[in-house]
Amino acid sequence: MQKQLADLHLLLEVESSDEVREEVRFLHRLSFPSMGSHLFDRCFDDTIRLFNGRYDGYQSCKTEYHDLRHTLEVLLATSRMIHSTILSGRPIPPHIAELSLLAALMHDIGYIQREGENGTGGQHTLVHVERSADFFEHYGESLGLTVQDNKRCCCMIMATSLAINPDSISYPDEDTELAAKLVATADLLGQLADRIYLEKLLFLYQEFREAGVMAYANELDLLTQTCAFYKMVRKRLDENLGKLDRTLLLHFRERWDIDRDLYRESIALNLQYLDRLAGEHREDYRNKLKRGGIVERIMRAEAAEGSKEA
C-alpha cells in the first residue's frame, strides 16, 4: 500500500467531484458513525452549480487559481484534518464538523461574479473573503441554518483570510474556533500541496495583476518570493492556527496504512523544485513547469491577445 500510494495525488482523483464527495462522506462516517451529512450534500451540489455557472444570478468561475479544483482540495484537507483531530483525542461535535465542511466549500465563493459584473473575479482578491462570508450569510438561511450556525460558518470563512489574525475573530464558542482554524489550515495545505501548485502560481499572478496587487513585478518574481511566503505560512500554521496539521499523520496511518504525512511531503517537494527554478532556470522557468498543460494555455491566451492588439 505504501509503495503504491506514495504520493498525495495518487490517493484519489481530485478533478473528480464525485470521488471527492464520496471520500468526504466516507471520512465523515468514520468520524461520526451515527450522523448523516444532508447539509453537506446539498451545499456540495450548490457549490458545483456555482462554479459551473448554473446558480441563479451568478456567472461561472473564471479565476483559474481559485477554481473548483482548489475548493475540492481544501474540502478534502478539511475532512482529513477533522478525522486526524478526532484520532488525536480532541473531540469535535458532529454538527460543528459538518458546518466546517460547508465553510470549506464556500470559502472562496467571493471570487465568483454576479451577473453583470465584469472581469474574471480576480479583481476581488483583496475582498473575496468578505464577499464569501456575505454570500454565505444569505445562503445559510436558505439551508435552514440557525442564526448561530450561520455566524459559525461565517467565522470559519473569515479565518481563511491571511489579512486577519484568526485569534482576533469573535467566535461563538471554542468548538467553532477549533473548526475555523481547521478550515484555515486546510486552505493553506490544500493549495501548497497541490501537484500543480507551481504551475497554478502563474494563474495567481494574473489574479493579483487584475486586482492591482503590486507586490510582484512579474511571474518569476512571484515564483521566487513563494519560498518566503511559505515561511510566513509555516509561522501562521504554528503560531496562529495551533499546529493543527501536526495530527495528519494519524489520518494517513488509519485511512491508508501510510505512516507518513503526505501533505508535508508534497509541500516539501514543491518547495524544493521551486528553489531549483529560482536558482537555475530564471530564464526558462516556463519550460520547467509542465504539469496540467497550464503554461501552454497561458501562452495560447497571450498569443490570441497579441493578435487582437495587432
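Tell me, which residue of the range 254-272 that is farther than 26 Å from C227 by Cα and in a helix (DSSP H, G or I) is most open to solvent (accessible area, probe 1.4 Å)?
The qualifying residue most open to solvent (accessible area, probe 1.4 Å) is E254.
How many residues does the range 270-288 hold that are under 26 Å from L10 (Cβ atoms) and in contact with a Lys or Arg (Cβ under 9 Å, 6 or more places away or on another chain)?
Of the residues in the range 270-288, 5 are under 26 Å from L10 (Cβ atoms) and in contact with a Lys or Arg (Cβ under 9 Å, 6 or more places away or on another chain).
Among the candidates R297, R234, which residue alone is under 30 Å from H28 (Cβ atoms) and either without any contact (Cβ under 8 Å) to a residue 12 or more places away in the chain or aliphatic (A, V, I, L, M) (or both)?
Of R297, R234, the one residue that is under 30 Å from H28 (Cβ atoms) and either without any contact (Cβ under 8 Å) to a residue 12 or more places away in the chain or aliphatic (A, V, I, L, M) (or both) is R234.
If you go through the range 168-207 one residue at a time, how many are assigned to a helix (DSSP H, G or I) and under 22 Å from L105 (Cα atoms)? Write out each step before concluding.
Just the residues of the range 168-207 that are assigned to a helix (DSSP H, G or I), to begin with: 168, 174-192, 197-207.
Imposing the further condition that a residue be under 22 Å from L105 (Cα atoms) reduces the set to 174-192, 197, 200-201, 203-204, 207.
Qualifying residue count for the region: 25.
Quick one: what pairs do we get from the range 37-66, first residue closer than 25 Å to G293 by Cβ, second surrounded by fewer than 21 Cβ atoms within 10 Å (Cβ to Cβ) and among the acidic types (D, E), C-beta under 7 Å, 6+ apart or different chains?
Q59/E115; C61/D67
Give the number of residues within the range 282-294 that are open to solvent by less than 30 Å² (accessible area, probe 1.4 Å) and either assigned to a loop (DSSP other than H, G, I, E, B) or in contact (Cβ under 8 Å) with a residue 24 or more places away in the chain (or both).
Selection size over the range 282-294: 2.
Give me the residue from the range 207-218 that is touching a residue at least 40 places away in the same chain (Cβ under 8 Å) and out of contact with any helix residue (DSSP H, G or I) (no Cβ under 7 Å at 6 or more places or on another chain) and, out of that set, most open to solvent (accessible area, probe 1.4 Å).
Looking at the filtered set, the residue picked out is R209.
Could you list, in sequence order, the residues of the range 295-310 that are assigned to a helix (DSSP H, G or I) and small (G, A, S)?
A301, A303, A304, G306, S307
What do you reckon, is R152 within 15 Å of L188 (Cα to Cα), basic (K, R), crowded, with 17+ Cβ neighbours inside 10 Å and in contact (Cβ under 8 Å) with a residue 40 or more places away in the chain?
No, not satisfied.
Going by what's in this entry, would R131 be described as open to solvent by 40 Å² or more (accessible area, probe 1.4 Å) and more than 22 Å from A193 (Cα to Cα)?
Criteria not met by R131.
Considering only residues that are open to solvent by 20 Å² or more (accessible area, probe 1.4 Å) and under 19 Å from the mean Cα position of the chain (by Cα), look in the range 21-43 and name the one that is nearest to L102 (Cα to Cα).
Selected residue: D41.
Does T185 count as farther than 30 Å from P93 by Cβ, of a type in the set (V, I, T) and open to solvent by less than 10 Å² (accessible area, probe 1.4 Å)?
no
Run down L204, L162, L126 and say which single residue is aliphatic (A, V, I, L, M), surrounded by 18 or more Cβ atoms within 10 Å (Cβ to Cβ) and in contact with a helix residue (DSSP H, G or I) (Cβ under 8 Å, 6 or more places away or on another chain).
Values: L162 fails: surrounded by 18 or more Cβ atoms within 10 Å (Cβ to Cβ); L126 fails: surrounded by 18 or more Cβ atoms within 10 Å (Cβ to Cβ).
Going through L204, L162, L126 in turn, just one is aliphatic (A, V, I, L, M), surrounded by 18 or more Cβ atoms within 10 Å (Cβ to Cβ) and in contact with a helix residue (DSSP H, G or I) (Cβ under 8 Å, 6 or more places away or on another chain): L204.
Can you name every residue in the range 219-253 that is among the aliphatic types (A, V, I, L, M), in a helix (DSSP H, G or I) and buried (at least 16 other Cβ atoms within 10 Å of the Cβ)?
Of everything in the range 219-253, those that are among the aliphatic types (A, V, I, L, M), in a helix (DSSP H, G or I) and buried (at least 16 other Cβ atoms within 10 Å of the Cβ) turn out to be L220, L222, L223, V233, L237, L244, L248, L249, L250.
Name the single residue that is nearest to I86 (Cα to Cα) among those in the range 165-182 being open to solvent by 10 Å² or more (accessible area, probe 1.4 Å) and not charged (D, E, K, R). It would help to see each step written out before you state the result.
Here is the first cut: in the range 165-182, the ones open to solvent by 10 Å² or more (accessible area, probe 1.4 Å) are 165, 167-175, 177-178, 181.
Filter again for not charged (D, E, K, R), leaving 165, 168-172, 178.
Values: N165: 25, S168: 25, I169: 24, S170: 24, Y171: 21, P172: 21, L178: 12 Å.
Looking at residues that are open to solvent by 10 Å² or more (accessible area, probe 1.4 Å) and not charged (D, E, K, R), I get L178.
Only one of these is within 20 Å of F135 (Cβ to Cβ) and open to solvent by 50 Å² or more (accessible area, probe 1.4 Å): D7, D67, D18, D56. Name it.
D56
If you check L182 against the conditions, is it in contact (Cβ under 8 Å) with a residue 60 or more places away in the chain and more than 18 Å from the chain's Cα centre (by Cα)?
no
The values are calculated or read from the model by the stated rules, or taken from the named source; none is laboratory data. All of these numbers come straight from a predicted model, not from anything done at the bench. Cβ atoms come from the backbone with ideal geometry, glycine included; neighbour counts cover every protein chain shown. Note: accessible area is taken over every heavy atom of the protein model, side chains too, but ligands, DNA and RNA are not part of it. Shrake-Rupley method; radii C 1.70, N 1.55, O 1.52, S 1.80 Å.
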